[in-house]
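Accompanying notes for the structure given below.
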Amino acid sequence: MQQSFIADQEFKGIDYTKDRLPKSDYENCVFENCKFSDGYLDNQNFMECEFIECDLSNANLKNTIFKEVVFIECKLIGLRFEDCSDFLMSFQFKKCNLNLSSFLGMKLNNAQFIECKLVQTDFAQADLTQVLFSNCNMENAIFQHSILEKADLTTSFNLNIDPEQNRLKKAKFSKDNLSGLLKKYDIIIT
């Protein structure tokens, strides 16, 4: 069965938890104030789309393609982004709540997380080369065997990253968040 193609459309205030979003290739579409929580977005293709103030919490993302997708002020709690297709994957997050989400083992080069909540978000084994984490709350975010080379974390806070367990070459930190690199040593910095 061939998927349909939908381009340049706006979807506003639709609750897709009751009626599922039709399977399609969505290009240059805007989803605003839509609800997908606990629903199914599996096997969908989103190219150059924007999600604005949407709730996708706990949605099924199995084999979903996100190519040049921007999430703005969205609730994305508990999502397993590693279930997505990695084909042409690229996205940005602005003022989103990504608490308890997972990017386990993903290649996220040059992704942007701007003013996001990343509490208990899993970045273990992820390639975060040149990722921008701008003013993000990273409390209890998980970094194990992650590549953070040239990543910018200068304005983020509540960091806890073990330099012995992660690759940090040329990663940027501020003096204020350096203590997050030393937490495991249980030392007091004044």
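If the reach is capped at under 17 angstrom between alpha carbons, list the lysines near Lys23, excluding any in the same chain fewer than eight residues apart.
Qualifying lysines at Cα under 17 Å: Lys35, Lys62, Lys67.
So if each residue of separation counts as 0.36 nm, and I subtract the Cα-Cα distance between Phe157 and Asp25, what length gain in nm does that give?
Answer, rounded to one decimal: 43.8 nm.
Determine, from the Cβ-Cβ distance of Lys183 and Glu82 and an R0 of 22 Å, the FRET efficiency 1/(1 + (r/R0)^6), rounded to the nearest 0.05.
Values: r = 26 Å, r/R0 = 1.17.
Between Lys183 and Glu82 the formula returns 0.30.
Could you tell me the relative contact order of the chain? Use alpha-carbon pairs under 8 Å, at least six residues apart, and round to a whole percent.
Values: 591 pairs, mean separation 20.3, N = 190.
Relative contact order for the chain comes out at 11 percent.
Taking 0.36 nm per intervening residue step and subtracting the Cα-Cα distance, what contour gain separates Lys67 from Lys150 on full extension? Before the final figure, lay out each step's value.
Values: separation 83, 0.36 × 83 = 29.88 nm, distance 2.26 nm.
Answer, rounded to one decimal: 27.6 nm.
Rg to Rh ratio, the chain, alpha-carbon atoms and Kirkwood radius?
On the way: Rg = 17.2 Å, Rh = 17.0 Å.
A ratio of 1.01.
Give the peptides 107-114, 160-167 in descending order of average Cβ contacts within 10 Å, highest first.
Descending packing order for the listed peptides: 107-114, 160-167.
By how many nm would the segment from Phe5 to Met47 lengthen if fully extended, with 0.36 nm per residue of separation less the alpha-carbon distance?
Details: separation 42, 0.36 × 42 = 15.12 nm, distance 1.09 nm.
14.0 nm is the gain from fully extending Phe5 to Met47.
According to the square roots a ≥ b ≥ c of the eigenvalues of the Cα gyration tensor, what is the shape class of segment 90-178, taking rounded for a/c under 1.5, prolate for a/b larger than b/c otherwise, and oblate for the remainder? Walk me through the numbers on the way to the answer.
Details: a/c = 1.24, a/b = 1.09, b/c = 1.14.
Here segment 90-178 falls in the rounded category.
With a probe of 1.4 Å, find how much accessible area the chain has per residue, and write the answer as a whole number in Å².
Result: 53 Å² of accessible area for each residue.
The values are calculated or read from the model by the stated rules, or taken from the named source; none is laboratory data. Owing to the predicted nature of the structure, the values given are computational and were not obtained by experimental measurement. Here Cβ is always computed from backbone atoms with ideal geometry, including for glycine, and neighbour counts include all displayed protein chains. Only protein heavy atoms, including side chains, enter the accessible area calculation; ligands, DNA and RNA are left aside. Shrake-Rupley method; radii C 1.70, N 1.55, O 1.52, S 1.80 Å.
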